[in-house]
Amino acid sequence: MGKAGKILQETKRFEALLTENFGAQGADLAEKTSAAAGELPKGIVEKLLFLAKLQAQAQAGERISSADAKQAGYWIAAVRPYLDYGAARGRGDRIRRTVGLIAFAVAAYFLYRVWKRRL
């Protein structure tokens, strides 16, 4: 499998993950990325749009330069964790922050009570 084949394989996988984890709808990777842009970090969106451009080139039969293929490898490795675990990560972070805030408030209350007793 050549450079273009590997890029196409990964971008198709990313399309499926965007649909599954973020509910993104669209005809291709660029449209699905735009649909999920509000739920993804800006850098990830930029990387996905770069990969979408390379996907379009590969599907049109255009040659992908070695530099672009090398960069695509880096971007694929950077994007994969966000798409694999994106939906669960977003909900879990909110819950974790809420529990942390409650724990902080309880600890602050008890510290205040201990400090007030000593005076």
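The values are calculated or read from the model by the stated rules, or taken from the named source; none is laboratory data. No experiment lies behind these values; they were computed from the predicted model shown. Neighbour counts run over all protein chains shown; Cβ positions are idealised from the backbone, glycine included. Heavy atoms of the whole protein, side chains included, go into the accessibility calculation; ligands, DNA and RNA do not. Shrake-Rupley method; radii C 1.70, N 1.55, O 1.52, S 1.80 Å.
Of the solvent-accessible surface of the chain, computed with a 1.4 Å probe and all protein chains present, 59% belongs to carbon and sulfur. In the context of the full set of protein chains, residues of segment 1-117 present 65 Å² of accessible surface per residue (probe radius 1.4 Å, heavy atoms only).
Volume per residue for the chain equals 119 cubic angstrom (convex hull of Cα atoms).
Taking 0.36 nm per residue of sequence separation and removing the Cα-Cα distance, the Gln71/Ala35 pair yields an extension gain of 10.6 nm.
In the elastic network of the chain, a GNM with C-alpha springs shorter than 10 Å, the most mobile of Tyr109, Tyr82, Tyr74 is Tyr109.
By the helix-only formula, in which each DSSP H run with n ≥ 4 contributes -39500 (n - 2.57) and the sum is divided by residues, the chain has a 222 nm mean residue ellipticity of -28000 deg cm²/dmol. Counting only whole DSSP H helices of the chain, the ones at least 24 Å long by C-alpha along their axis and with mean Kyte-Doolittle hydropathy no lower than 0.0 are 42-59. Taking every lysine pair in the chain that is 8 or more places apart or spans two chains, those with Cα atoms closer than 14 Å amount to 7. Take 113-119, 67-73 and order them by the average number of nearby Cβ atoms within 10 Å per residue, most first; the result is 67-73, 113-119. Across Ala108, Ala30, Ala16, mean-square fluctuation computed from a Gaussian network of the chain (C-alpha pairs under 10 Å connected) peaks at Ala108.
At a Förster radius of 30 Å, what calculated FRET efficiency corresponds to the Cβ-Cβ distance of Phe50 and Ile102, to the nearest 0.05? E(calc), rounded to 0.05, equals 0.15.
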